[in-house]
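Have a look at the structure below, then the notes.
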Amino acid sequence: MSGSLRALRHRCGLSLTELEAASGLSNQYISRAELGEIATTARLEKQLESALEEIIAKRESALQSFKSDFQRCRGRLLRPVEDTDYDE
């Protein structure tokens, strides 16, 4: 696992904070595992795999929602914005 998780995170724009929230592990612990400073175990590998699968599912859902919103706005992306256009 040493090195490969970090490369994957950086390539996909995944922060330690996001992985921390999904895995329940501290970002310091994850960083140390990525750097090979702590022994990896099958349990740790599984915990991180599960967290990554959860993050992927959330991102896929968000991307699908974005795609649907984009399709509805196609052809009128630059029209004036109204306050009701935001969910915030």
Task: Under Karplus coefficients 6.51, -1.76 and 1.60, residue-wise ³J(HN,Hα) of segment 51-61 in Hz, glycine/proline x - done: 5, 5, 4, 5, 5, 4, 4, 5, 5, 4, 5
Open item on the list: Counting only other residues whose beta carbon sits under 12 Å from that of L48, what net charge do I get with K and R as +1, D and E as -1?
Closed with: -2
Open item on the list: Per residue, how large is the accessible surface of the chain? Use a 1.4 angstrom probe and give square angstrom.
Closed with: 77 Å²
- [ ] Within segment 1-86, report the chymotrypsin sites (Phe, Trp or Tyr not before Pro) that DSSP leaves as loop and that have at most 11 other Cβ atoms within 10 Å.
- [x] Y86
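Looking at segment 1-79, which GluC sites (Glu not before Pro) are DSSP coil and have at most 12 other C-beta atoms within 10 Å of their C-beta?
Within segment 1-79, the qualifying GluC sites (Glu not before Pro) (loop, at most 12 other Cβ atoms within 10 Å) are E37.
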Open item on the list: Which order do you get for L16, L78, L35 if you rank them by accessible area with a 1.4 Å probe, largest at the top?
Closed with: L78, L35, L16
TODO: Calculate, for D69 and L8, the FRET efficiency according to 1/(1 + (r/R0)^6) with r their C-beta to C-beta distance and R0 30 Å; round to the nearest 0.05.
DONE: 0.60
Open item on the list: Starting from the 7 Å offset along Cα-to-Cβ, what nm value, one decimal, do you get for the label separation of R76 and Q47?
Closed with: 5.0 nm
- [ ] Can you pull a Stokes-Einstein diffusion coefficient for the chain at 25 °C (0.890 mPa s), Rh from Kirkwood over Cα pairs, as a whole number of µm²/s?
- [x] 160 µm²/s
Task: Cβ-derived FRET efficiency at R0 30 Å, A62 paired with T40, nearest 0.05 - done: 0.50
Open item on the list: How high is the relative contact order of segment 7-81? Use alpha-carbon pairs under 8 Å, at least six apart in sequence, and give a whole percent.
Closed with: 25 percent
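Whenever you get a sec, compute what percent of the accessible area on the chain sits on carbon and sulfur atoms (1.4 Å probe).
53 percent
The values are calculated or read from the model by the stated rules, or taken from the named source; none is laboratory data. Small disclaimer: the values here were computed from a predicted structure and weren't measured. Every residue, glycine among them, receives a Cβ derived from its backbone with ideal geometry; neighbour counts consider all protein chains shown. Accessible surface areas use protein heavy atoms only, side chains included; no ligands, DNA or RNA. Shrake-Rupley method; radii C 1.70, N 1.55, O 1.52, S 1.80 Å.
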